[in-house]
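Here's the structure, in structure tokens; my notes come after.
The values are calculated or read from the model by the stated rules, or taken from the named source; none is laboratory data. Fair warning: this is a prediction, and the values are worked out from it, not measured in the lab. Because the Cβ atoms are built from the backbone with ideal geometry, glycine has one as well, and the counts that use them run over all protein chains shown.
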Amino acid sequence: MPAQPSPTRPTFMEVDLAALDANYRYLKSRLAPGTRVIASVKGNAYGLGIVEVSRRLVALGADALTTGAFTDALAIRQAGLDCEIVMFGGTLPDGIPALLAERVIPTVHNMELARAVSAAAVGPAKVYLKLDCGLGRLGVPLKDAAGFVRAVAALPNIALEGIYTHLPFGNAEERDWAQDRTDRFDDFVDGMRREGFAFPVAQARSSAGVLGGIRDRCNAVAPGGLLYGKSPLSPELGDPSLIRPVLKSVRSRLIHVAPAAHDRTPGLHSRHAFRVSGATGVVPFGRADGNRAAVAGRAGHMLVGGIVAPVLGVSSEHAVIDLSAVPDPRVGDEVVILGRSGDRAITLGDLAEWQATSGSDILLMLSGRMPRIHLG
Ligand SMILES: *Cc1c(COP(=O)(O)O)cnc(C)c1O
């Protein structure tokens, strides 16, 4: 059952699965035939709903899903999906038995994890090895990687299924860095293959690598943001209009309309109303929903009937908006937080700009308790 907006808290997001289809097709058009797609659904599928998004990606033909949270992997299994799931890190060695029990392929990025897999597996267990080619997060440094591969391969009950690295970038300078590191990764994998380590899957490109035209000799890609319509690239490196936002809208309703403030004495809670000449409205979209006030020097807004309603304040459960420009606002009127209203629209990029952060950060913040309606 898709979630429905509730009159008790009428704030919800609309997720456009037809846009996911289009982005997946665009992805495929950029890949050499036969390239494996390991679709990233980390962070509750970038806040868009792990089960619905995973089901759609499997239907579209994704070869595997990858997540960073065991709870997300479990949700995929509990939804009855039997697809290959790769865990992109995030676990202690003691967590390995739980992963194997759900047929989740662990990433091995240190010897402790390799030993834990070897001890817990009853037969050869597939693992992916992760190398750190310069990002400085999870992974074995490239300079230590040959010894690591040999040591892991020597353990019983380990099948070296994949090897990968992560080289995200945003601008042209970083792109040169990513290309250089991708070349070194490819050289390393070629060298290990000559030594007899087959590595059926090798992967180095995520969304930035695919959209930004990184050349590699790998047979797999692991895109996330690109599938959801969110390009990590600065405009000089890629045209963002080639992919479509999967988050279609975030909407709510006015739960209260207050007339122009009658008491203009400044105090903690009259701060917002004090600044405006007309009515103010309350929207049930607070910090607990992932809403954040704009940073100093920037001003956010919502749309009521296509008219801009500046955000005056955000508290734990509510936002207060300035309805001065809205004729005859009423309780129950629709409020657009993201998406189209009349001739205007608010994009994920706008919200990110107001809060001085990235679109994916906004998505993850919204991911918490907001009901999601999946369309398409
Ligand atoms: C998040 C992630 C990806 C996908 O990155 P996008 O920029 O969303 O495409 C790929 N690989 C790893 C290891 C990741 O953590």
Would a scan of the range 63-76 turn up a residue that is within 16 Å of the ligand (Cβ to nearest atom), touching a Lys or Arg at 6+ places or on another chain (Cβ under 8 Å), charged (D, E, K, R) and in the same structural domain as residue 164 (by TED's automatic domain parsing)?
yes
Candidates 148, 188 - the one that is farther than 21 Å from residue 36 by Cβ and outside any loop (DSSP other than H, G, I, E, B):
148
Tally, over the range 118-144, of residues that are within 16 Å of the ligand (Cβ to nearest atom) and part of a helix (DSSP H, G or I):
1
Cβ-Cβ under 7 Å pairs, at least 6 apart or on other chains, the range 194-208 side closer than 16 Å to residue 37 by Cα and assigned to a helix (DSSP H, G or I), far side within 8 Å of the ligand (Cβ to nearest atom) and not hydroxyl-bearing (Ser, Thr, Tyr)
207/223; 207/224; 207/225; 207/226; 207/232; 208/168; 208/232
Taking the range 151-193 and keeping residues of a type in the set (Gly, Ala, Ser), within 16 Å of the ligand (Cβ to nearest atom) and in contact (Cβ under 8 Å) with a residue 40 or more places away in the chain leaves 162, 170
Against the conditions (1) over 27 Å from the mean Cα position of the chain (by Cα); (2) touching a residue at least 12 places away in the same chain (Cβ under 8 Å); (3) more than 18 Å from residue 204 (Cα to Cα); (4) surrounded by fewer than 16 Cβ atoms within 10 Å (Cβ to Cβ), where does residue 146 fall short? Just the number, please.
(3)
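Touching a residue at least 60 places away in the same chain (Cβ under 8 Å), hydroxyl-bearing (Ser, Thr, Tyr) and on the phi < 0 side of the Ramachandran plot, is that true of residue 107?
no
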Selection from the range 110-132 of residues that are modelled with pLDDT under 95 and either in contact with a Leu (Cβ under 6 Å, 6 or more places away or on another chain) or more than 28 Å from residue 75 (Cβ to Cβ) (or both):
none
I'd like to check something: does the range 31-46 contain any residue that is surrounded by fewer than 19 Cβ atoms within 10 Å (Cβ to Cβ) and aliphatic (A, V, I, L, M)?
yes
Residue list for the range 54-89, filter: under 17 Å from residue 27 (Cα atoms) and part of a helix (DSSP H, G or I)
54, 56, 57, 58, 59, 60
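Quick one: which of 149, 127, 86 is over 21 Å from residue 190 (Cβ atoms) and either touching a helix residue (DSSP H, G or I) at 6+ places or on another chain (Cβ under 9 Å) or assigned by TED's automatic domain parsing to the domain that holds residue 220 (or both)?
86
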Of the conditions (1) within 30 Å of residue 7 (Cα to Cα); (2) surrounded by 20 or more Cβ atoms within 10 Å (Cβ to Cβ); (3) of a type outside the set (Val, Ile, Thr); (4) modelled with pLDDT of 95 or more, residue 224 clears all except one; give me its number.
(1)
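Select from the range 209-232 the residues that are near the ligand (Cβ under 10 Å from one of its atoms) and assigned to a loop (DSSP other than H, G, I, E, B) and list them in ascending order.
Within the range 209-232, 222, 223, 224, 230, 231, 232 meet the criteria.
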